[in-house]
Structures are given as C-alpha cells and as structure tokens.
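Worksheet for the structure shown next.
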Amino acid sequence: MITVLFGPPGSGKGTQAKLLVEKTFLPQLSTGDMLRTAIGHETSLGKKAKIYMDKGALVPDEVVIELIRERIGARDCQKGFFLDGFPRTLAQAEALDVMLTGVGKNVGSAVLFQIDDSELVGRLSGRRTCLKCHSMYHINTNKPKKPGICDKCNSVLAQRDDDKAVVVQNRLKVYHEQTSPLIDYYKSQNKLVTINAALPSELVFKFLVQALGA
Ligand code: AP5
C-alpha cells in the first residue's frame, strides 16, 4: 500500500501518519522530517534547505525528489509506505509516478486533509515538536505528560522556526498556489480521498482507516 497524505500545513498529516505507522507497521516518509534532520546535522543539503524552509518556501523539486528516490529503495519500503508532505508540486507528483512505475508499483490513494486556513494558525502556533524523534504535541490540545519533554523519548520539545506567524502565512500561500493543484491531479487518476481534518484526531484516524481499508 503506497499512500500520499497531503494538505495544508498543520492539517494533521504528520499526526495521522504516525498513527498509521503504529497500526500498519509501514513506514512514514516525511520530507519535512528528513530535511529537518539534515539541518540538525548541518549537512550541505541541510544548509541549503534551511534557506527555503525559514521563509516558508518549498525546497527545490530536484532536492526532495532525490531524497524520496533514495528512501523508497530501502528494504522497509518494499511492502508500502505513507508519504507525508511529498509530493507538493505537480512536478514532484509526476516524478513519483515515473519512479514507481519503473519498479512496477503505483500510488494507491492520495488523501487530502481538508480544513479551513482559519483553524490552522492556532494549531501551528501551539505545536511543540520533539527535536529527536519528531513526535508532535500541542500546548492546549495534546499536552505531553511532563511540560516541554517528549513522552516517547524524554528529549526536549521545541517550537519549529517555521511555525512563527509570518512564516505560517507564507506556507499557507505556497500550499494554495503550488500544492492544491494535486487535488485535480489525483482526482483525474481516481485516487483522491478527502478527509475532514477539522474533526478531533481520533475521528480523523477512524475515517482514514475506513477509507484506506488499513
Ligand atoms: P513539513 O514538515 O512537511 O510541514 P507541513 O506540510 O507544512 O506540515 P506540518 O508538519 O506543519 O503539519 P502537519 O499537517 O503534519 O500537522 P501536524 O500533524 O504536525 O514541511 C516543512 C517545510 O519543509 C516546508 O515548508 C518546505 O520548506 C519543506 N518541504 C517539506 N517537504 C517538501 C517537499 N516535498 N517539497 C519542497 N519542500 C518541502 O499537526 C499540527 C498541530 O496540530 C500539532 O500540534 C498537532 O498536535 C495538532 N493537531 C493535529 N491533528 C489535530 C486535530 N485533528 N485536531 C486538533 N489538533 C490537531
């Protein structure tokens, strides 16, 4: 099962991907997490990506396409995976289809996390992320047991640089301009599944599992 999870920043893709991993044991491939790991290790890729991410802009297609190409060849991806945050442009979606076709595979479903922009600012400003395992929390709706500490690995939680208000506005603009065309792309392939991402997390997960037959 190869599933694309896409939607605006803060719509819950990462939260639901982690729940799907626990249920299916298939891996989550998050280009955002891969890029943040590269930034943390101060690699040349990380230094380049940071310039775009700090502004809320997309990292160039060829960079993320290469990251995904390398990752999907790994052994743990052979039975399928959840793509979280990739593809994000038509060029990325087309490149993904070409690389999967080349190995006799294809995207099964593309899940759109649908939610109004007005709901997203509060979610992102209150989000806290584990610097080590990338688990997500929220200061009001999904608190860790110990304030500022990850329940799963005991590392420190921090606010992402791109969750500051001015950057969030740009990320939303970029989503509507560059990523929303994927709705028609996957609709035309009969692969689009739309989920109401404004519901509480448990309900989103219930409908997601039903829709995917996971
Ligand atoms: P990325 O890390 O992919 O960020 P994003 O797509 O903007 O999505 P987020 O991680 O912000 O949100 P999410 O939908 O995962 O929501 P979450 O579950 O965390 O990308 C970051 C940057 O990297 C990009 O801007 C770009 O620069 C670069 N990049 C990455 N991929 C790229 C690509 N393919 N091409 C080019 N550049 C790329 O939830 C958010 C908060 O809401 C949390 O606090 C959570 O607890 C809470 N929450 C979740 N669900 C619910 C719910 N149902 N109800 C209430 N609260 C909820």
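The values are calculated or read from the model by the stated rules, or taken from the named source; none is laboratory data. Quantities reported herein were computed from a predicted structural model and do not represent experimental measurements. Note: ideal-geometry Cβ built from the backbone for every residue, glycine included; neighbour counts use all protein chains shown. Surface accessibility is based on the protein's heavy atoms, side chains included, excluding ligands, DNA and RNA. Shrake-Rupley method; radii C 1.70, N 1.55, O 1.52, S 1.80 Å.
Within the range 74-81, does at least one residue satisfy the condition of being in contact (Cβ under 8 Å) with a residue 24 or more places away in the chain, under 25 Å from ARG171 (Cα atoms) and part of a helix (DSSP H, G or I)? Checked the range 74-81: no residue is in contact (Cβ under 8 Å) with a residue 24 or more places away in the chain, under 25 Å from ARG171 (Cα atoms) and part of a helix (DSSP H, G or I).
Would you say LEU100 is more than 14 Å from the ligand (Cβ to nearest atom) and open to solvent by less than 20 Å² (accessible area, probe 1.4 Å)? So LEU100 fits the description; yes. Among residues of the range 159-176 that are β-branched (Val, Ile, Thr), those with a Cβ under 8 angstrom from a residue that is open to solvent by less than 50 Å² (accessible area, probe 1.4 Å) and assigned to a helix (DSSP H, G or I), sequence gap 6+ or separate chain, pair up as VAL168/LEU120; VAL168/LEU124; VAL168/ASP162. Taking each residue of the range 48-61 that is within 14 Å of ARG88 (Cα to Cα) and looking for partners that are open to solvent by 30 Å² or more (accessible area, probe 1.4 Å) and among the hydroxyl-bearing types (Ser, Thr, Tyr) with beta-carbon atoms closer than 9 Å, six or more apart or interchain, yields LEU58/TYR52; VAL59/TYR52; PRO60/TYR52. With the requirement that a residue be open to solvent by 40 Å² or more (accessible area, probe 1.4 Å) and either under 19 Å from LEU96 (Cβ atoms) or in contact with a Ser or Thr (Cβ under 8 Å, 6 or more places away or on another chain) (or both), what does the range 31-57 give you? The one that is open to solvent by 40 Å² or more (accessible area, probe 1.4 Å) and either under 19 Å from LEU96 (Cβ atoms) or in contact with a Ser or Thr (Cβ under 8 Å, 6 or more places away or on another chain) (or both): MET34.
Against the list (1) under 20 Å from THR179 (Cβ atoms); (2) open to solvent by 20 Å² or more (accessible area, probe 1.4 Å); (3) in contact with a Pro (Cβ under 9 Å, 6 or more places away or on another chain); (4) within 9 Å of the ligand (Cβ to nearest atom), the condition PRO60 fails is (3).
In summary, GLU94 fulfils each of the numbered conditions (1) surrounded by fewer than 13 Cβ atoms within 10 Å (Cβ to Cβ); (2) more than 16 Å from the chain's Cα centre (by Cα) with the single exception of condition (1). Selection of the range 55-101 for residues being among the charged types (D, E, K, R), farther than 25 Å from VAL21 by Cβ and touching a helix residue (DSSP H, G or I) at 6+ places or on another chain (Cβ under 6 Å) yields only ASP61.
Any idea which of (1) of a type in the set (A, V, I, L, M, F, W, C); (2) surrounded by fewer than 20 Cβ atoms within 10 Å (Cβ to Cβ); (3) more than 16 Å from ASP33 (Cα to Cα); (4) free of Cβ contacts under 8 Å to residues at least 40 places away in the same chain is the one VAL121 doesn't satisfy? It is condition (4) that VAL121 fails.
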